[in-house]
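Trainee: For reference, the structure I am asking about is given below.
The values are calculated or read from the model by the stated rules, or taken from the named source; none is laboratory data. All of these numbers come straight from a predicted model, not from anything done at the bench. Note: ideal-geometry Cβ built from the backbone for every residue, glycine included; neighbour counts use all protein chains shown.
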Amino acid sequence: MSTSAPPLRIVTPRGRLIALAIVCAVIAALGVVVYLVNPQEPLNIILGAAAVGVFGVGGGISLVSQFRRSTLLTADEQGIRIEGRVTVPWSAIDRIGTTQTAVGIRLRDPKAVADAAPGVYTLEGLKANRSATGWDLTFEERLLGRPPREAAAALRARQP
């Protein structure tokens, strides 16, 4: 494998985020309209400001952060980085496979991943996931934006 190969990025589909952005924009615009209908009415001021504040400002900040975190998996020479928060080195990965609806990653030592990301994964959670699905880490098809077999094949192709 060439060391200059770009990292493989599996990105969560952004269609729902775009739909949510449209809904937030419409509700914020309605808040402006409510205010403009009668700017002297205290209820209109409160409702308009709440709609603009919650859906315009709050929704915008939330959407930007979710859009930035939409990269689910990144595979490169070092390993697989999950949501940009924790990197699982290739040496810690036993195998990559699929279920009918998800990609699964079985770890050689789940404790190493739990120790590397204490706020993200717990050893008990990884063990429970393995007993329920056969995999330590699973990523559902709806998050992958592609069929699980295709995602697993792409990840295996990056594995040294």
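For (1) of a type in the set (A, V, I, L, M); (2) more than 13 Å from Val11 (Cα to Cα), each residue gets a yes or a no:
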site	(1), (2)
Val57	yes, yes
Ser62	no, yes
Gln78	no, yes
Val88	yes, yes
Pro110	no, yes
Leu137	yes, yes
Arg146	no, no
Ala151	yes, no
Arg158	no, yes
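So that you can scan it fast, the table gives a plain yes or no per residue for (1) over 16 Å from the mean Cα position of the chain (by Cα); (2) surrounded by 16 or more Cβ atoms within 10 Å (Cβ to Cβ); (3) not aromatic (Phe, Trp, Tyr):
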| position | (1), (2), (3) |
| --- | --- |
| Gln78 | yes, no, yes |
| Gly84 | no, no, yes |
| Trp90 | yes, no, no |
| Ala102 | no, yes, yes |
| Leu107 | yes, yes, yes |
| Pro110 | yes, yes, yes |
| Asp115 | yes, no, yes |
| Val120 | no, no, yes |
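Trainee: Of Gly97, Gly119, Gly145, which residue is outside the structural domain of Val32 (by TED's automatic domain parsing), at pLDDT 90 or above and small (Gly, Ala, Ser)? Reasoning before the result, please.
Mentor: On the way: Gly119 fails: at pLDDT 90 or above; Gly145 fails: at pLDDT 90 or above.
Result: Gly97 is the single residue among Gly97, Gly119, Gly145 that is outside the structural domain of Val32 (by TED's automatic domain parsing), at pLDDT 90 or above and small (Gly, Ala, Ser).
Trainee: Given the conditions (1) modelled with pLDDT of 90 or more; (2) within 30 Å of Arg130 (Cα to Cα); (3) out of contact with any strand residue (DSSP E or B) (no Cβ under 9 Å at 6 or more places or on another chain), report the number of the one that Phe67 does not fulfil.
Mentor: That leaves (1) as the condition not met.
Trainee: Could you list all residues from the stretch 19-54 that are in contact with a Leu (Cβ under 9 Å, 6 or more places away or on another chain) and either assigned by TED's automatic domain parsing to the domain that holds Leu144 or in contact (Cβ under 8 Å) with a residue 24 or more places away in the chain (or both)?
Mentor: Residues satisfying the conditions are Leu20, Ala21, Cys24, Gly31, Ala51.
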